[in-house]
Amino acid sequence: MRSKEFIKSIILLILVLMSAVLTYMTWNFSPDLTNVDKQEDSSEDRPHTIGKPMKDGMEQVVTPYQVIHSQGEKTKGMEATRQNIKDIIKPLKNQRVTQSEQMHSNHNLIIPDLSDDFLVLDFTYDMPLATYLGQVLNVNAKVPNNFKFNRLLIDKSIDGKVKLYAISKDRHNVVRMATTAKQSKFTKQLKAMQSSLQPYTEIITNKDTIDKATHIFAPSSPKKMKSYHTIYNHISVDTMNAILFNDSVVVRSSKSGTTTYNNNTGVANYNDETEKYRYTNLSEDENRSTNMKDSIPSTFDYLNNHGGFTDDFRLFSTDNKKGDLTYQMFLNGRPTFNDDDLNNIKIAWGDKGVFSYARALLKTNVTIDSGESEKRLPGAETVRSELANNPSIDFEKVTDMTIGYKMENQPDKSNIEIQRNSEFKPQWYIEYEGKWRPYTDGRLE
């Protein structure tokens, strides 16, 4: 009997001890939130990006579209690949402008001290001179405020240094600059690229293009060019929304295939058929910036920080009245053109941030030879002659011409899930009345 009581006492003691231990553990329990915190932190801290940011800065995006070497009666040129532009501007980088002077002409612009051996960098847009010198070339310079240019002449001076001439788009103003850059280094780079240069033609379209500093330059007899086939990957709408919206969004769909996303600060529309996305910052109201000295660096930094330059996008046009900028895709150093704007990024800057942002949610997966026969385009003189003799065209309104690629959209209907792809075909493009238009058989499309 006593043994039974003793066993009961032992069991009871064990139960009491277990209860005490469990009670202590309950009171002092603290859940391990390490993993949860890491997941939340990684979600908040993880940058929302489309692709990888570029390391070389603005010089990859703010570039000329062609390079011309004028040497006496000989004129040669080439398309502007990223590598050859990098090589050409290298001797100019990290230097100083020791003296600058602005000159104006009411008539045809003539530069008396320009030598007969100089290089031309042609741009398709107005560029603030101070921004290009400071942000692209890292050149310390005092130049006229608000001066814009779209052609830069690189010449030599008698002291063995490089002299620069920045020419305005209307061809009536020029800023002459003396620099500390050594002519010998620039000449060395020029010799290294000679094998890449092809014969170019000097074209006069009106009274503003009759001097050697203001001619239009274009390929005399273009080599046969290949066509290319590109297949795209898709950019996530959620990624774009995460980049542009500060907090959660309200989603509204419509029967037209367009989905609208909005919150208190902005609104975005995405069409799943065209795959085009457009965002407007409501908090900026109508305060879009028209100051390209701010807008060009700001839009570049914004796009680059979230990997927005998914292909060889380059600044292609600036609207100084509306404040709009267009970054256009290049292929093999030549601009591409597309009727549906699937090849560009359109963006405007506001007082404090992005004002509007539009692009196709596509990025190149692979680009290959299309397999078509190489195409030989007519020479610049043929194009000039046929345009000048076309009664429906006012040839004096032609302000530029170049060879680019026409981007033709070709969705593949054979796939269960349609994957968008495009053909890039070489074609002449003419800047006429301020707009780039394709040229075919003596007419502008």
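Condition first: over 22 Å from T318 (Cα atoms) and surrounded by fewer than 19 Cβ atoms within 10 Å (Cβ to Cβ). Now tell me which residues in segment 428-443 satisfy that.
Scanning segment 428-443 gives T440, D441, G442, R443.
Among the residues of segment 382-397, write down those that are part of a loop (DSSP other than H, G, I, E, B) and touching a helix residue (DSSP H, G or I) at 6+ places or on another chain (Cβ under 9 Å).
Those that are part of a loop (DSSP other than H, G, I, E, B) and touching a helix residue (DSSP H, G or I) at 6+ places or on another chain (Cβ under 9 Å): N389, I393.
Just wondering, is there one or more residues in segment 380-393 that are modelled with pLDDT of 95 or more and under 28 Å from I345 (Cβ atoms)?
There is no residue in segment 380-393 that is modelled with pLDDT of 95 or more and under 28 Å from I345 (Cβ atoms).
Could you please tell me which pairs satisfy a Cβ distance under 9 Å, a separation of 6+ or placement on different chains, a first residue in segment 303-325 that is on the phi > 0 side of the Ramachandran plot, and a second residue that is open to solvent by less than 30 Å² (accessible area, probe 1.4 Å) and hydroxyl-bearing (S, T, Y)?
Pairs found: G323/S289; G323/S295.
Taking segment 155-171, which residues are open to solvent by 20 Å² or more (accessible area, probe 1.4 Å) and either touching a strand residue (DSSP E or B) at 6+ places or on another chain (Cβ under 9 Å) or not assigned by the TED database to the domain that holds S184 (or both)?
Hits for segment 155-171 are K156, S157, D159, G160, K161, K163, K169, R171.
Kindly list, by first and then second residue, each pair from a residue in segment 431-445 that is of a type outside the set (V, I, T) to a residue that is in a loop (DSSP other than H, G, I, E, B) and at pLDDT below 95, limited to pairs with Cβ atoms under 8 Å and residues at least 6 apart or on different chains.
Hits for this filter: R437/E445; P438/E445; Y439/E445.
Can you confirm whether K276 is basic (K, R) and closer than 21 Å to D126 by Cα?
So K276 fails the test.
Exactly one of (1) part of a loop (DSSP other than H, G, I, E, B); (2) surrounded by 15 or more Cβ atoms within 10 Å (Cβ to Cβ) is unmet by D247. Its number?
Just one mismatch for D247, condition (2).
Can you spot a residue in segment 332-344 that is open to solvent by less than 10 Å² (accessible area, probe 1.4 Å), of a type in the set (F, W, Y) and assigned to a strand (DSSP E or B)?
Among the residues of segment 332-344, not one is open to solvent by less than 10 Å² (accessible area, probe 1.4 Å), of a type in the set (F, W, Y) and assigned to a strand (DSSP E or B), which makes the answer no.
If the requirement is being open to solvent by less than 10 Å² (accessible area, probe 1.4 Å) and assigned to a strand (DSSP E or B), which of these qualifies: L152, L133, L109?
Just one listed residue meets the conditions, L152.
Within segment 104-111, identify whether any single residue is assigned by the TED database to the domain that holds L137 and closer than 29 Å to D301 by Cα, and answer yes or no.
No; the residues of segment 104-111 include none that is assigned by the TED database to the domain that holds L137 and closer than 29 Å to D301 by Cα.
So which of N320, N305, N291, N287 ends up being of a type outside the set (A, V, I, L, M, F, W, C), closer than 18 Å to G51 by Cβ and over 10 Å from the mean Cα position of the chain (by Cα)?
N305
Specify the residue that is nearest to D113 (Cα to Cα); the eligible residues are those in segment 195-238 that are open to solvent by less than 40 Å² (accessible area, probe 1.4 Å) and among the aliphatic types (A, V, I, L, M).
Out of the qualifying residues, it is A213.
So, of the residues in segment 271-289 that are at pLDDT 90 or above and of a type outside the set (S, T, N, Q), which turns out to be surrounded by the most Cβ atoms within 10 Å (Cβ to Cβ)?
In this case the residue turns out to be Y279.
From the residues in segment 256-270 that are surrounded by 15 or more Cβ atoms within 10 Å (Cβ to Cβ) and assigned to a loop (DSSP other than H, G, I, E, B), which one is modelled with the highest pLDDT?
Restricting to residues being surrounded by 15 or more Cβ atoms within 10 Å (Cβ to Cβ) and assigned to a loop (DSSP other than H, G, I, E, B), the top hit is N263.
Report yes if L377 is within 29 Å of R278 (Cβ to Cβ), of a type in the set (A, V, I, L, M), open to solvent by 10 Å² or more (accessible area, probe 1.4 Å) and part of a loop (DSSP other than H, G, I, E, B), otherwise no.
Judged against the criteria, L377 is not a match.
The values are calculated or read from the model by the stated rules, or taken from the named source; none is laboratory data. Predicted model, so just to flag it, every value in this text is computed and none were measured. We place every Cβ from the backbone using ideal geometry, glycine too, and count neighbours over all the protein chains shown. For the accessible areas, the whole protein counts, side chains as well, though only heavy atoms, and no ligand, DNA or RNA atoms are used. Shrake-Rupley method; radii C 1.70, N 1.55, O 1.52, S 1.80 Å.
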